[in-house]
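To start, the structure under review is shown below, and the notes come after it.
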Amino acid sequence: MSTAAAVVGVDLGRRSYDIRIGAGLFDAAESYASLPAADACVIVTNDTVGPLYADRLAAALAEGYRDVHVVQLPDGEAFKDWTTLQSIFDALLAARCDRSTTLYALGGGVVGDMAGFAAACYMRGVPYVQVPTTLLAQVDSAVGGKTAINHPLGKNMIGAFHQPCRVIADTGTLDSLPQREWIAGLAEVIKYGAIADDEFLGWLELNLARLLARDPAAVVRAVQRACEIKADIVRSDEREQGVRATLNFGHTFAHAIETGTGYGRWLHGEAVGCGMALATELSVLSGLIDRSRGERIVAMVGAAGLPLRAPPMGLARYVELMRSDKKAIAGHMQFVLLNGPGQAVVRPVDSEQVGRALARFKDGPESRPA
């Protein structure tokens, strides 16, 4: 049953769009109103989400398009590569899709990134709509127009900025999310409170049990506030030349963990949770926040069920991977650090301090996600 959508605007001039948040939006005609006109659309999904929602989305879209095509990708971070991207182009060309064709990214962050990147490249740019079905995608990856695929030497290193026409975050789809995926998404929610809104962080502390239980009202509030924060940041820094880089809190460590252990072994949100604990420790070691505040952030990450202990790759391997991070300058590591309640900065950190942070969260049996 459809409910009234909460709407968050992303103001980017001619590229502006809205994020619609609520249960039942899949089936609401207004969810698709005023999108670019086209004869055909293509739903890009994966073999986990597709069987659950592709037919339902196709039925809703059939009202507005003559042809609705579906491309189903293999599921998982390990398939976020050139070969899988090529399969999207193969399908678009086989269906004779033109430059007015609209892509619909139905799935989590991997599907959203790949469909968005395909849309940025096909015929030098076609419109696309994000229809995220995971918590992580609804609060983060579906918003802001960052699209990419992975390379064996680095995560998200090949991509483009390409804004969607709309984000349709149907919170009802989150009911089918496995608990491990749900917990992984909470990492990005906590991130927003830590870097941008201390009041929201306090609300999360008080309502974490409700979020773990997927209380509908708490979920909508968390998704809406996260989207509001990200929309404000993207509005002021669309191409990550300044403040938008703070959205990568925990991600420098996270991307190293994902690349170093093999894509897919850790979920992205799990790696971000561990990365936030490590980046918080760096913030304490750098004198930017006191130990008590650092412990508060780490306690939230742990209480959400996210891993705190880093995998044992050795300091040299961590440093090697993090020097390839997109924030690195001339091979020097840069980290998003906390410097006060709801505040973050990007600062250089040397390998000695990285080693001290890793030692604080040294690997143990519980460090490896199930």
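The values are calculated or read from the model by the stated rules, or taken from the named source; none is laboratory data. Computed from a predicted structure; not experimentally measured. When we count neighbours, we look across all protein chains shown, and the Cβ atoms used for this are built from the backbone with ideal geometry, even at glycine. Note: accessible area is taken over every heavy atom of the protein model, side chains too, but ligands, DNA and RNA are not part of it. Shrake-Rupley method; radii C 1.70, N 1.55, O 1.52, S 1.80 Å.
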Requested in this report: Please state which of the following conditions Ala299 fails to meet, knowing it meets all the rest: (1) open to solvent by less than 30 Å² (accessible area, probe 1.4 Å); (2) part of a helix (DSSP H, G or I).
Outcome: (1)
Requested in this report: Looking only at the stretch 91-110, decide whether some residue is outside any loop (DSSP other than H, G, I, E, B), open to solvent by 40 Å² or more (accessible area, probe 1.4 Å) and modelled with pLDDT under 95.
Outcome: no
Query raised in the report: Looking at the stretch 43-51, is at least one residue in a helix (DSSP H, G or I), open to solvent by 50 Å² or more (accessible area, probe 1.4 Å), farther than 17 Å from His151 by Cα and not hydroxyl-bearing (Ser, Thr, Tyr)?
Result: yes
**Report entry** Residue tally, condition crowded, with 23+ Cβ neighbours inside 10 Å and either free of Cβ contacts under 8 Å to residues at least 60 places away in the same chain or over 23 Å from the mean Cα position of the chain (by Cα) (or both), over the stretch 303-313
**Finding:** 1
Query raised in the report: Given the conditions (1) open to solvent by less than 30 Å² (accessible area, probe 1.4 Å); (2) in contact (Cβ under 8 Å) with a residue 40 or more places away in the chain, and given that Glu199 satisfies all but one, which numbered condition is not satisfied?
Result: (1)
Report task. Quick one: which residue in Glu63, Glu30 is in a helix (DSSP H, G or I) and open to solvent by 30 Å² or more (accessible area, probe 1.4 Å)? Result -> Glu30
Requested in this report: Working carefully through the options Ile183, Ile158, Ile168, Ile190, find the one that is closer than 17 Å to His251 by Cα and open to solvent by less than 10 Å² (accessible area, probe 1.4 Å).
Outcome: Ile190
Query raised in the report: Restricting to the stretch 34-84, what's the tally of residues that are within 16 Å of Gly107 (Cβ to Cβ) and free of Cβ contacts under 8 Å to residues at least 12 places away in the same chain?
Result: 2
Query raised in the report: Leu177 fails exactly one of the following numbered conditions: (1) in contact with a helix residue (DSSP H, G or I) (Cβ under 7 Å, 6 or more places away or on another chain); (2) over 16 Å from Asp232 (Cα atoms); (3) among the hydrophobic types (A, V, I, L, M, F, W, C); (4) open to solvent by 30 Å² or more (accessible area, probe 1.4 Å). What is the number of that condition?
Result: (4)
Report task. Give me the pairs, please: first residue somewhere in the stretch 282-302 and over 17 Å from Gly342 (Cβ atoms), second residue anywhere and in a loop (DSSP other than H, G, I, E, B), beta-carbon distance under 6 Å, and either six or more positions apart or on two chains. Result -> Leu282/Val349; Gly302/Leu308
Report task. Starting from the stretch 107-127, keep only residues that are closer than 15 Å to Ile168 by Cβ, then list their pairs with residues that are among the small types (Gly, Ala, Ser) and not in a helix (DSSP H, G or I) whose Cβ atoms are within a distance under 7 Å, requiring at least 6 positions of separation or different chains. Result -> Val111/Ala105; Gly112/Ala105; Gly112/Ala142; Ala115/Ala105; Gly116/Ala105
Report summary line: Those residues of the stretch 112-130 which are assigned to a loop (DSSP other than H, G, I, E, B) and not small (Gly, Ala, Ser) amount to Val126, Pro127
Query - Residue satisfying condition, being open to solvent by 20 Å² or more (accessible area, probe 1.4 Å), under 21 Å from Gly145 (Cβ atoms) and not in a loop (DSSP other than H, G, I, E, B), within set Arg235, Arg221, Arg244 - result: Arg235
